[in-house]
Amino acid sequence: MFNLSCTCVLLLVLGMAFAIAIVYKRIKKHKKCGNCPGCQKCVKQNVRLVPLTKRRTVEAFNPGTKKIPNVCHRIVGKVSPRVQRNLDSFAARHPAMKQIIHRNTADDYMSRHAPPTVYAVYKAIRPEYYAARADLARYMILYKEGGLYLDDKSDFSEDVALYVRKFPEVSLHAWRWDTPHWPDYLKNKKGEIVNWGMISAPQNTILKEMILNVCVNAFEDNGDEGGKFAVLRTTGPLMWSFIVQDYEGDPNVRISTESTSPAKYTVFDTMNAHEGLTRTYYGDLKTSVFRKEMLPDKHQLEAEIQDM
């Protein structure tokens with residue numbers, strides 16, 4: 001009887017050790033990639049991290065009816081000294097281009113100019129996910145106003161008016177990384193189309209379609225895994241890529257790369273040096289991106305976006 005009990009305990013201990021070893025191996029494997037959850041390796045290993053997004057469309061593609069204005073929109077929160085120098089330098093180098101700074105993560109603009117239900121979706125994004133709020137705001141600002149959007153850490157070496165004059169047919173300028181990011185996730189070997197910078201004419205329906213997809217998709221997928229990947233795919237460049245890549249080849253849309261455009265991702269010395277400088281980095285969060293209980297009526301939301 002004693003030997004049987006010892007055997008049972010031993011088997012139990014061995015089983016627990018085996019289970020711990022498996023978990024440790026997975027964690028260790030994830031740590032090696034440096035971007036979990038969300039790198040291509042993790043996407044392949046864990047399908048649960050990749051909810052299927054139902055694509056929603058608006059009316060037939062309309063590239064916009066007005067010219068692209070010579071203006072640069074920025075969305076900022078608390079600004080670090082290096083970012084402030086970038087903003088000041090940009091204004092000094094482009095005196096003919098108006099630089100509009102939307103402070104408080106563009107809350108004021110959204111409250112005044114977005115449809116009420118879209119503003120409700122914006123507020124349903126947890127404030128600590130400032131990047132996600134800024135994502136939705138940039139699409140709305142460019143849809144309403146047109147021009148160049150740039151992150152506060154990013155740069156553009158030409159006046160918008162001079163740049164777009166080279167491409168008179170184009171109403172939406174976007175760009176990719178020089179080295180493809182996320183080709184497996186996007187099922188596109190060219191990879192991610194970035195959203196830290198973009199140029200558009202006002203009333204471009206690609207931006208309207210993006211607003212619709214970000215807002216309505218939140219009802220089914222609130223980014224409950226949390227962190228950077230949740231933002232990338234629910235409001236950010238992965239969602240943007242899914243929409244814009246379908247228009248590649250259209251004469252009204254030009255998708256270049258960072259090195260073949262005047263755009264520059266960051267004025268910092270390294271890609272990630274800006275993260276967490278002035279507030280908690282959203283990539284470290286574990287909470288969902290959207291608070292579903294704060295979302296507005298879905299049918300009213302869709303109607304208000306379609307009527308924009």
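Structure values in brief
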{"quantity": "Selection from GLY283, MET110, PRO81 lying farthest towards where the dipole of the range 44-306 points positive, charges on Cβ", "calculated": "PRO81"}
{"quantity": "Under 5 Å, built H, 5+ apart or other chain: amide partners of MET308", "calculated": "none"}
{"quantity": "Top positive-direction residue, dipole computed over the range 171-308 with Cβ charges, set ASN204, HIS181, MET239", "calculated": "HIS181"}
{"quantity": "Of LYS189/LYS292; LYS208/LYS298; LYS67/LYS298; LYS123/LYS190; LYS67/LYS123; LYS67/LYS208, those spanning more than 25 Å from alpha-carbon to alpha-carbon", "calculated": "LYS189/LYS292; LYS67/LYS298; LYS123/LYS190; LYS67/LYS123"}
{"quantity": "Per-pair calculated FRET efficiency, R0 = 51 Å: ARG85 and ASP246 via Cβ, rounded to 0.05", "calculated": "0.85"}
{"quantity": "Percent of beta bridges antiparallel (DSSP, the range 44-306, rounded to nearest 5)", "calculated": "45 percent"}
{"quantity": "Vicinal HN-Hα couplings computed from phi for the range 164-172 (Karplus, 6.51 cos²θ - 1.76 cosθ + 1.60; Hz; Gly/Pro x)", "calculated": "6, 5, 6, 10, x, 7, 8, 10, 9"}
{"quantity": "Eligible aspartates and glutamates near LYS187 by straight Cα distance, threshold 13 Å, same-chain separation 8 or greater", "calculated": "ASP246"}
{"quantity": "Global form of the range 176-243, assessed from the alpha-carbon gyration tensor, a/c cut-off 1.5", "calculated": "oblate"}
{"quantity": "Cβ-derived FRET efficiency at R0 45 Å, ALA92 paired with GLU220, nearest 0.05", "calculated": "0.45"}
{"quantity": "Check: the range 76-221 dipole with +1 on Lys, Arg Cβ and -1 on Asp, Glu Cβ, in debye", "calculated": "220 debye"}
{"quantity": "Nonlocal amide H pairs with SER256, under 5 Å, H built at 1.01 Å", "calculated": "ALA174, TRP175, ARG176"}
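Taken together, the values in this text are just the output of simple stated rules run on the coordinates, not laboratory data. Just so you know, these numbers come straight off a predicted model, no measurement behind them. Cβ sites come from the backbone with ideal geometry, for glycine too, and all protein chains shown count toward neighbours.
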